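Worksheet: one structure, shown below.
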Amino acid sequence: MRIKSLSLLAGLVLLGVAYPVGRTLGQAVYGSIIGTVTDSSGAAVPNAKVTITNVDKGVSVATTTNESGNYEQQHLIAGTYDVKVEAPGFQASVQKAVQVNVDAAVQVNATLQLGQVTQTVEVTAAVPMLKTERTDVATQFSEKQVEDLPVFNRNFTDFELLTPGTQLLGWQHASSENPQESRQIMVNGQHFSGTAFQLDGTDNRDPILGIIVINPNLDAVTEAKVTTADYDAEFGQATACVVTAQTKSGSNGLHGSAFWFRRDNNLTARDPFSQTVPLFGTKDRFIPDTLWNQFGGSLGGPIRKDKTFIFGDYQGTYQSSGGSVLLRVPNDAERGGNLSDLGVNIFDPYQTTDATHSTLVLDSNGNPIPVNPGQRTQFPSNTIPASRLSIPAENLLKLISGPNIPGSTGTAQNFSGSGQQVFNSDGFDVRADQYQTEKLHLFGRYSFARFKKSAPGAFGVEAGGPDLGFGFGGQASARNQSIASGFDYTLNPAWLTDFRFGFYRYRVFVNPNGLGTTPAKDAGVPGLNLDTITSGMPAFFIDGTGGFNFGYSLGNNQCNCPLDEEEQQWQWVNNWTNIRGNHTLKFGADIRYAQNLRVPSDRHRAGELTFHNEGTEGPTGGGLGLATFLLGDVNFFSRYISKSTDAAERQKRWFFYGQDTWRVTPKLSVNYGLRWEIYFPRTVAGPRQGGFLQPNPG
């Protein structure tokens, strides 16, 4: 039964695609005007001609009222319109400056007066926005609001936070994998990944991370809508909300914009905690250089008046941001094994020949003999003999700067690390619209965004360490692209159809600083730096009093490195609209084919080494992770290993829906529908590129 139903629905979709080109894009792209035409007595006026003209483009569409005096013109491009109503024996009525928004309906009613058709009554009063087609709960942002509201760094996804019921998540994705700065926002308590992003009616969300792919330039957005409840059956893949945005289209007039924002550190206040010592090589400079330049503009106009329009925009962001962090690093005495200033007793985890703990007792295989914590003896004066210090540990500590805050003693923070993050990005959109006839409209858009980011750790490029307030340390580059195109066509006043094609690609590389180098191998640590993919500084986590972290990893500085991510999706959408009396029936399909290649390093491929207090605790407790590190004992080790670098996934995602809007009266509409989502099992790109583990052979 399911197969037969699926075949029937697929056949209807294919029929829609094969039919002559369609007139109306879905409500995710366009808005609509509805209304009722009556005479002075309140009686319905059937067969009245309603002409709707786009003020900026000079493009007109026409429809007629039905036997109830109702009319409906769906899928109008967002903008300002004039609505003219004409009927034999009545004066014409013109409503000026009607604002149409995306995924919304404007009700324009007309009361005709007896008279000649050549006589015109012009109505200039503002038309209220009424939700007479749907019951969705939404917040609409006009073009002026998108352009004029003060949004830091011009981030489009911040508008979602202006919607009731939204809350910024306490953590955000690593900036290396999310350079477009999509916000992770909870909507009505739902997980952020349940938010669906649409741009020009096509999918604009990476489902792996749940983030926006193209974060549009504000100069390119004609308006946006955030729907948090009761969206139509046409929308799906959302449990939290649906964020729809529409890019601008050109007009008969030539219009453009330009902007430039510049910020530097001349008026920046010094952090009294982390910026307490002059920068390296200076005497009186405490704040790392910071310079942000963000600039761009837009231009739109006609190619052929009333027929062909084009719009383009560009935004560049070039930043060099200074950051600082306050930490504690081992002082000279501690690097030599004297940990008495930390106030914690440390115990020898191995058997030694005498009370000085200078010489280990070895077993027949030449390995030191461990001692149970309850039987361990304390290092004299909490000092590890020089002969027992790990040579690789000493070599690694040489890469970590010593204390640079004068007067710091004991366990107080004694190191101020400073550095700069460089973040450059370029992005642009180009859109063209063609009004071939009164019935046929075509459009196409291409969006491109490029990002490059680099930042050291607190201990420099080679040694890495905690980030400097940027949320990232390492090297990252990304390139996102999106295509949307389609057409809409009016077969007759009762039947309309549309088709859209969408494609996006999300591409990101992340690498640690020092790619190709072998610092662990050079320090004498075997088995870590084996090849290029395992190059760079591993991650070291030293627990407890006097402990610190260095190297590169998700846990150290949000560096999932190395990382190779390429996700792309093809999308075909076909919608049909049938206006039957006071019913507006819609049905359609959304067919998607997704591809994903993700080669991550959730644990750094050069290795992650942890040194716990327990490694040097004794009968009375105590123990220091730093002492464990100086002895060269690793308590926990992990690394991410995968031989394949091309094991990609594939998945088909098919969505079908049907809905009806019944205008019971001019004041009452009933909206109902059904949606069917099919997620096919994932497949792999080829043999030996993924699958399930076979327990017997492993």
Cα-based reach from LYS667 at 18 Å (exclusive), listing aspartates and glutamates while leaving out same-chain residues under 8 positions away: ASP39, GLU67, GLU72, GLU133, ASP136
Principal-axis tilt of helix 2-18 within the chain, Cα atoms, nearest 10 degrees: 60 degrees
Computed magnitude of the charge dipole of the stretch 622-668 (debye, nearest 20; Cβ of K, R +1, Cβ of D, E -1): 440 debye
Cβ-Cβ FRET estimate between TYR679 and LYS305, R0 fixed at 41 Å, reported to 0.05: 0.30
Label point distance in nm, SER642-THR118, each placed 7 Å from Cα along Cα→Cβ: 7.7 nm
Contact order normalised by residue count of the stretch 356-439, Cα under 8 Å, 6+ apart, percent: 20 percent
The stretch 279-399, Cα convex hull volume normalised per residue, Å³: 286 Å³
FRET efficiency, PHE448 to TRP495 (Cβ-Cβ, R0 35 Å, nearest 0.05): 0.45
Mean separation of Cα contacts under 8 Å, 6 or more apart, over the residue count of the chain: relative contact order %: 12 percent
Gyration tensor (alpha-carbon) shape descriptor, the stretch 330-482, a/c threshold 1.5: prolate
Whichever lysines have a C-alpha closer than 23 Å to that of LYS652, once near sequence neighbours (fewer than 8 apart) are set aside: LYS4
Cα gyration tensor shape for the stretch 78-223, rounded if a/c is under 1.5, else prolate or oblate: prolate
Isolated Cys residues of the chain, judged by Cβ distance under 4.7 Å to other cysteines: CYS241
Assigned charges on the beta-carbon of Lys, Arg, Asp, Glu; the chain dipole about Cα centre (debye): 1440 debye
Simple label model, 7 Å out from Cα along Cβ direction - ASN155 to LEU585, nm: 4.7 nm
Long pairs among LYS144/LYS586; LYS96/LYS144; LYS57/LYS144, criterion Cα-Cα beyond 21 Å: LYS144/LYS586
Length-normalised contact order of the stretch 549-600 in % [C-alpha pairs under 8 Å, at least 6 apart]: 40 percent
Among beta bridges that DSSP assigns inside the stretch 167-253, antiparallel share in %, nearest 5: 70 percent
Gain upon complete extension [ASN188, LEU515; 0.36 nm per residue less C-alpha separation]: 113.4 nm
Residue (of ASN345, ASN188, TYR231) at the positive-pole extreme of the chain, dipole from beta-carbon charges: TYR231
Cα centroid separation, the stretch 39-75 to the stretch 659-679 (Å): 22 Å
For the stretch 580-698, average projected area of the Cα convex hull in nm²: 17.4 nm²
Computed FRET value (nearest 0.05) for ASP289 with LYS652, which takes r as the C-beta separation and R₀ as 60 Å: 0.75
For the chain, alpha-carbon Rg and Dmax in angstrom: 32.8, 118
The stretch 392-443: proportion of alpha-carbon pairs further apart than 16 angstrom, %: 74 percent
Distance histogram for the stretch 431-490 (every C-alpha pair counted, 5 angstrom bins, percent rounded to whole numbers): 4, 15, 15, 9, 9, 7, 8, 7, 7, 6, 6, 4, 2, 0
Signed unit charges on C-beta, dipole axis of the chain, positive-most listed residue ALA539, SER176, PHE692: PHE692
Dipole of the chain, positive direction: furthest Cα of LEU528, SER60, ILE208, with charges on the beta-carbon: SER60
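Read-outs: derived from the displayed coordinates by stated rules, not from any lab. The structure displayed is predicted, hence computed values, not measured ones. With ideal geometry, Cβ positions are generated from the backbone for all residues, glycine too; neighbour counts draw on all protein chains shown.
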